[in-house]
Amino acid sequence: MNKDTLNIKYITRSPWHIQLFAIVLVIGSIALFATNFVMAVILLFVGMLILSSYSGVQINRMKKTHRAYNSFLFIKMGGLNNYEVVEKIYINQNQVSQKIYTAHTTSSQIFNNIKYDGYVKFDDGTKVHLMSKKDKSVLMNRLKEYADFLEVELQDNTLDN
C-alpha cells in the first residue's frame, strides 16, 4: 500500500499442479536452449505466463477509482471504474464441499469446510471480492487494515459473530 492506492493481489490464476507443470516447463526450456532455441523460448514463455498470472483489486482513494484486474506477465488488464463513496467492507461465510475419490476403491469422501470471503461495496451497488480465507481471524485482521485505509466500517455477516 502506498499512501493513495490499495493494491490487493489475492489469487493466482492456476491451481498448484498447473504451477508445478509450469516450473517443469521453465526448467525444460533452460535445458533446451542449447539444442532447440525456438522451442526453448516458447516453453519459457508459456511457463512464465502461467507462473506470473494472478488477480487483484486496486482502489485509489484520491482519484476515487477502482478496478478488478487480471495480470499476466506483470501486465494488468481490467477497466477503471469511478466511485463516490466506499460504503463498507464486509465478510460473508460460505459452506464449501469437496468430493475426493480414492485411487484404489470406487468410494468417495465428501469434505465440508467453511470459507470466509471479504468484499468491498461501493455507493453504486458494485461489490468487489477482495479475498478468501479459511481462518476468519486472519481475514478479519487483513480486512481491518483495508477498512482503516479506506476509512470505512468492517461489517461481519457471518453466523458465528
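The values are calculated or read from the model by the stated rules, or taken from the named source; none is laboratory data. What you are looking at is a predicted structure, and each value in this text was computed from that prediction instead of being measured. Backbone-built Cβ (ideal geometry, glycine too); neighbour counts: all protein chains shown.
What the table shows:
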| item | result |
| --- | --- |
| Tabulated pairs, region 135-161, first closer than 19 Å to V86 by Cα and among the charged types (D, E, K, R), second modelled with pLDDT of 90 or more and surrounded by 11 or more Cβ atoms within 10 Å (Cβ to Cβ), C-beta under 7 angstrom, 6+ apart or interchain | K144/L154; E153/K88; E153/A147; D156/I91 |
| Those residues of region 124-155 which are among the charged types (D, E, K, R) and surrounded by 15 or more Cβ atoms within 10 Å (Cβ to Cβ), in sequence order | K133, K136, R142 |
| Selection status of F72, over 26 Å from L154 (Cβ atoms), surrounded by fewer than 17 Cβ atoms within 10 Å (Cβ to Cβ) and under 22 Å from the mean Cα position of the chain (by Cα) | yes |
| Count - residues of region 17-69 that are of a type in the set (F, W, Y), more than 17 Å from the chain's Cα centre (by Cα) and not in a helix (DSSP H, G or I) | 1 |
| When residues of region 12-54 are limited to those that are in contact with a Phe, Trp or Tyr (Cβ under 7 Å, 6 or more places away or on another chain) and of a type in the set (S, T, N, Q), the one surrounded by the most Cβ atoms within 10 Å (Cβ to Cβ) | S53 |
